[in-house]
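Novice: Structure incoming, see below.
The values are calculated or read from the model by the stated rules, or taken from the named source; none is laboratory data. On a predicted model such as this, the values are computed, not experimentally measured, just so you know. Cβ coordinates were reconstructed from backbone atoms using ideal geometry, including for glycine residues, and neighbour counts include every protein chain displayed. Only protein heavy atoms, including side chains, enter the accessible area calculation; ligands, DNA and RNA are left aside. Shrake-Rupley method; radii C 1.70, N 1.55, O 1.52, S 1.80 Å.
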Amino acid sequence: MAEFTMELNDDQKQVRDWIHGFAADVIRPAAAEWDEREETPWPVIQEAAKVGIYSLDFYAQQFFDPTGLGIPMAMEELFWGDAGIALSIVGTGLAAIGVVANGTEEQIGTWIPQMYGTPDDVKVAAFCSSEPDAGSDVGAMRTRAVYDQATDEWVLDGTKTWATNGGIANVHIVVAVVDPELGTKGHASFIVPPNTPGLSQGQKFKKHGIRASHTAEVVLEDVRIPGSCLLGGKEKLDERLARAHERAKAGGGQGVPPAEGWGSVKNAAMATFEASRPAVGAMAVGTARAAYEVALDYAKTRTQFGRPIIDNQGVAFQLADMRTSIDAARLLVWRASWMAVAGKPFTSAEGSMSKLFASETAKKVTAQALQILGGNGFTREYPVERMHRDSAIYTIFEGTSEIQRLVIARTLSGMPIR
């Protein structure tokens, strides 16, 4: 019988401890400053690049961990340090996933190195999917990509929003509509190279949390890119669109069934999001764990009525529930990550389950931590105030909690639940 273990091996522990050390020594001391400045922490990103954490090689090594735990382990430790700075460090990864999920080997080899740059000249990348009127409803996307056969170029027009690193990125990955008749099946992803005319940064958002991460609109006006910048290539796209049209005709012209799109991952944006959901869950676990540890230490040392407040069941039981929820969330993330690397399909939407539970856990645990610290927790003298603000994003970005529940319900029932 094969041995079953849930313990990290020695190599994984070594990597975990190395990342934890960087989070403790470099990220945490800088967290409050960059949260207040609401700017991209370029010096911290550069430090991460110098030690090898912000690099293609590092993420490739973690991505190809045969247990599937490399990426979630790294995400948890970085976000334990600080969510805003960590997102600035890992935000490029979403664009990289978009290329890996949809691109050719040549595109992967050409563009992903340009997303990271070098330790002496760091770059970032942006994944642009959401729009002002198309967030959870990806079928409402309006950004268009039209092929100009005479010049072998794609012409992109539209506005993207909520783009991490949007406008400041060296490389932008943009999801656009190529065939409006097919709904979400008519989407494709494109690489917009550095300094491409027509791409500009729109509004930069001042956010409630993750303030050290740059979030902005990306405006595309007559953006012309080479035909080779279509992820996957035109031949593959034409074949996919032809199959979609045939299925639509066979279905009586009704187009894409409503259960597809979010419920079953069939388009460029959804392929990227599905691959990243367990990683987002791991980010949430890291933030929750950080808040729990602050609350636990505080409860042991804070005295009221002549004894540490942890001696009160009202506090101790909260901490017990917090730790239990954190461990349960981590296990859901690890399961989904292992399933993904093992090639096992998410027949019960396990990826969405992990993201949903971990996100909701982060919001709840950080709120409980703030409550345990009382008035001190409400001030910026203690980090739980920032962690509480940061945690709100996990139930929103890369699929809201409501969308995750929709995905899970559709997957379990096989019905087009709305």
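Novice: Please work out if residue 248 is modelled with pLDDT under 95 and farther than 24 Å from residue 333 by Cα.
Specialist: Numbers: modelled with pLDDT under 95: yes; farther than 24 Å from residue 333 by Cα: yes.
In short, yes.
Novice: So is residue 336 within 20 Å of residue 407 (Cα to Cα), open to solvent by less than 40 Å² (accessible area, probe 1.4 Å), among the hydrophobic types (A, V, I, L, M, F, W, C) and under 16 Å from the mean Cα position of the chain (by Cα) or not? I'd like the intermediate steps shown before the answer.
Specialist: Numbers: within 20 Å of residue 407 (Cα to Cα): yes; open to solvent by less than 40 Å² (accessible area, probe 1.4 Å): yes; among the hydrophobic types (A, V, I, L, M, F, W, C): yes; under 16 Å from the mean Cα position of the chain (by Cα): yes.
For residue 336, the condition - within 20 Å of residue 407 (Cα to Cα), open to solvent by less than 40 Å² (accessible area, probe 1.4 Å), among the hydrophobic types (A, V, I, L, M, F, W, C) and under 16 Å from the mean Cα position of the chain (by Cα) - is met.
Novice: Take segment 306-320 and flag every residue that is under 21 Å from residue 357 (Cα atoms) and either modelled with pLDDT under 95 or surrounded by 14 or more Cβ atoms within 10 Å (Cβ to Cβ) (or both).
Specialist: Going residue by residue through segment 306-320, those that are under 21 Å from residue 357 (Cα atoms) are 317-320.
Once the filter is applied, which keeps residues that are under 21 Å from residue 357 (Cα atoms) and either modelled with pLDDT under 95 or surrounded by 14 or more Cβ atoms within 10 Å (Cβ to Cβ) (or both), segment 306-320 yields 318, 319.
Novice: If you don't mind, there's one more thing I want to ask. Looking at (1) among the hydroxyl-bearing types (Ser, Thr, Tyr); (2) more than 20 Å from residue 59 (Cβ to Cβ); (3) touching a Leu at 6+ places or on another chain (Cβ under 6 Å), find the lone condition where residue 151 falls short.
Specialist: (3)
Novice: Identify all residues within segment 272-305 that are over 29 Å from residue 396 (Cα atoms) and either among the polar types (S, T, N, Q) or surrounded by fewer than 18 Cβ atoms within 10 Å (Cβ to Cβ) (or both); write none if there are none.
Specialist: Result: 297, 300, 301, 302, 303, 304, 305.
Novice: Next up: Starting from residues that are β-branched (Val, Ile, Thr) and open to solvent by less than 10 Å² (accessible area, probe 1.4 Å), keep the ones in segment 184-209 and report whichever is farthest from residue 244 (Cα to Cα). Walk me through how you get there before you give the answer.
Specialist: Taking segment 184-209 first, the residues β-branched (Val, Ile, Thr) are 184, 191-192, 196.
Okay, now just the ones that are also open to solvent by less than 10 Å² (accessible area, probe 1.4 Å), so 191-192.
Working: 191: 23, 192: 26 Å.
It comes out as 192.
Novice: Moving on. Of the conditions (1) open to solvent by less than 10 Å² (accessible area, probe 1.4 Å); (2) touching a Phe, Trp or Tyr at 6+ places or on another chain (Cβ under 9 Å); (3) of a type in the set (Val, Ile, Thr), residue 155 fails just one. Which one is it?
Specialist: Every condition holds for residue 155 apart from (1).
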